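> Got a structure here, written out as structure tokens. Questions coming.
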Ligand SMILES: Nc1ncnc2c1ncn2[C@@H]1O[C@H](COP(=O)(O)OP(=O)(O)O)[C@@H](O)[C@H]1O
Ligand SMILES: [Mg+2]
């Protein structure tokens, strides 16, 4: 949780300092005032990268040399991030330089809900795997081990394929790849079952129109159901050689929740799709709390797009009941104050500065 946030020279924000509330933080302002930039700053701090650009130089304010984001996290541990056009990215956690970005991610379990999150269903499986693996990364320590090992072995197998090595040499990697792959599948399956339970509960509150619906998990492991990964790799090695890479495996997994046995994209309105995605992220936050006793951060960019007043209020009400610190942007100044006044704050942003706040 962030208790203090200070930024400088980030996009149109020259200098800004806020004291976020532990619950809901509403960030209100006109188009182009700097709301999304504020979320971008928090995202940078939690993950070491932006969600808008790969090139951090674009995030540095025009004409400036370096941006800085500084915050206090749980137990008042200071985190600081600096990106300089000449010297690049530097991160300090508790005043010591940080070598691995994943250490930062562990400190701040953070999920982004972008304005276009209803596109979740249209985007490729990679995006859905990322969402699922985010949760596993935070609650299941062995997942990270299996996934990192799996990726390394996959790279080695793929490079053996590209170098036109003998089939025997390619197959040397099969057993290890499979054993990590099968573990990843088990962990993902377990996490999805938990996620589905929390999701159903949250989604029916957010979207009463579907409160009677039944949701079911559809999970594809990344290889045919009736075989093990090891058998599949053995049977498909000639195909892989032709393709130039390993096609089957945990890196090709996909999942969805069906509503009354139908793919949500075939029946849901955009607003309902957005609520669906919101409920997923909220469910992950809840699981993270239950399993790791970690509160997480949700960045919700543009709550008002696709959602009417009534549903926005439902989202705020559900969020205020969760162990989540949220940062929510909107251009709608009438967006009502969330329920628990003591745990929430409102910040009005104008031309990259806070013009007014109450918390
Ligand atoms: N590197 C930069 N330096 C200064 N201003 C920038 C930079 N990059 C983008 N901007 C401007 O910052 C403003 C704030 O953008 P944004 O945070 O997306 O606004 P909002 O989300 O409030 O609509 C925009 O006017 C944008 O053009
Ligand atoms: Mg914006």
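Bear in mind that the values in this text are calculations on the coordinates, not laboratory data. Please read these numbers as outputs of a predicted model, since none were measured by experiment. Neighbour counts run over all protein chains shown; Cβ positions are idealised from the backbone, glycine included.
> Looking at the chain, what % of the alpha carbon pairs are farther apart than 25 Å?
Above the 25 Å cut-off, the chain has 58 percent of its Cα pairs.
> Between the range 285-359 and the range 27-89, what's the alpha-carbon centroid distance in Å?
After rounding, the separation between the Cα centres reads 20 Å.
> Right, here's the next one. If you rank 140, 40, 238 by fewest surrounding Cβ atoms within 10 Å, what's the result?
Ascending Cβ contact count within 10 Å gives the list 238, 140, 40.
> Taking the Cα atoms only, what angle lies between the long axis of helix 141-162 and the longest principal axis of the chain, rounded to 10 degrees?
Helix 141-162 sits at roughly 50 degrees to that axis.
> Something else now. Over the chain, what is the mean sequence separation of C-alpha contacts under 8 Å (at least six apart), divided by residue count, expressed as relative contact order in percent?
27
> Quick check on the exposure proxy: order 43, 351 from fewest to most C-beta atoms within 10 angstrom.
Going from sparsest to densest Cβ surroundings: 351, 43.
> How high is the relative contact order of the range 252-333, in percent, counting Cα pairs under 8 Å that sit 6 or more residues apart?
29
> Tell me whether the range 1-72 comes out rounded, prolate or oblate; compute the Cα gyration tensor, take square roots of the eigenvalues as a ≥ b ≥ c, and use a/c under 1.5 as the rounded threshold.
Taking the square roots of the gyration eigenvalues as a ≥ b ≥ c, the range 1-72 is prolate.
> Running a GNM on the chain with Cα contacts under 10 Å, which residue among 244, 46, 34 ends up with the highest mean-square fluctuation?
With Cα springs under 10 Å in the chain, the top fluctuation among 244, 46, 34 is at 244.
> Additional query: At residue 292 and residue 211, where each label point lies 7 Å from the Cα along Cα→Cβ, what is the point-to-point distance in nanometres?
3.3
> Going highest first, how would you order 183-192, 61-70, 163-172 by mean Cβ packing within 10 Å?
Those peptides, ordered most packed to least, come out 183-192, 61-70, 163-172.
> So for each of 319-330, 121-132, 275-286, 14-25 I average, over its residues, the number of other beta carbons within 10 Å; can you give me the resulting order with the highest mean first?
275-286, 319-330, 14-25, 121-132
> Next up: Can you sort 318, 103, 212 by how many other beta carbons sit within 10 Å, fewest first?
212, 103, 318
> Which of rounded, prolate or oblate describes the range 125-292 when judged by the alpha-carbon gyration tensor and an a/c cut-off of 1.5?
prolate
> Using the basic label-point model (7 angstrom from Cα toward the beta carbon), what is the residue 15 to residue 55 distance in nanometres?
2.9
> Let me ask something else. Between residue 189 and residue 261, what is the label-point separation in nm under the 7 Å Cα-to-beta-carbon projection?
Between residue 261 and residue 189, the label points sit 2.3 nm apart.
> Let me ask another. Sort the range 4-131 into rounded, prolate or oblate with this rule: let a ≥ b ≥ c be the square roots of the eigenvalues of the Cα gyration tensor; rounded if a/c is under 1.5, and if a/c is not under 1.5, prolate when a/b is larger than b/c, oblate otherwise.
In terms of gyration-tensor shape, rounded.
> Here is a further query. Roughly speaking, what is the stretch gain from residue 92 to residue 76, that is 0.36 nm per residue apart minus the C-alpha to C-alpha distance, in nm to one decimal?
Using 0.36 nm per residue and subtracting the Cα-Cα distance, I get 4.4 nm.
> Moving to a separate point now. Of the candidates 235, 104, 26, which one comes out as most mobile in a Gaussian network treatment of the chain with C-alpha springs shorter than 10 Å?
Maximum among the listed residues: 235.
> Which angle between 0 and 90 degrees, to the nearest 10, do you get for helix 174-206 versus the longest principal axis of the chain when only C-alpha atoms count?
40
> Tell me the mean residue ellipticity at 222 nm calculated for the chain from its helices only (DSSP H runs of n ≥ 4, each -39500 (n - 2.57), averaged over every residue, nearest 500).
Value at 222 nm, helices only: -13000 deg cm²/dmol.
> Counting only DSSP beta bridges with both residues in the chain, what percent are antiparallel, rounded to the nearest 5?
70
> A follow-up question, please. For helix 125-139, report the angle its Cα long axis makes with the longest principal axis of the Cα atoms of the chain; keep it between 0 and 90° and round to the nearest 10°.
For helix 125-139, the angle is close to 80 degrees.
> Moving on. List the relative contact order of the range 125-292 as a percent without decimals, with contacts defined as Cα pairs under 8 Å and 6+ residues apart.
For the range 125-292, the relative contact order is 32 percent.
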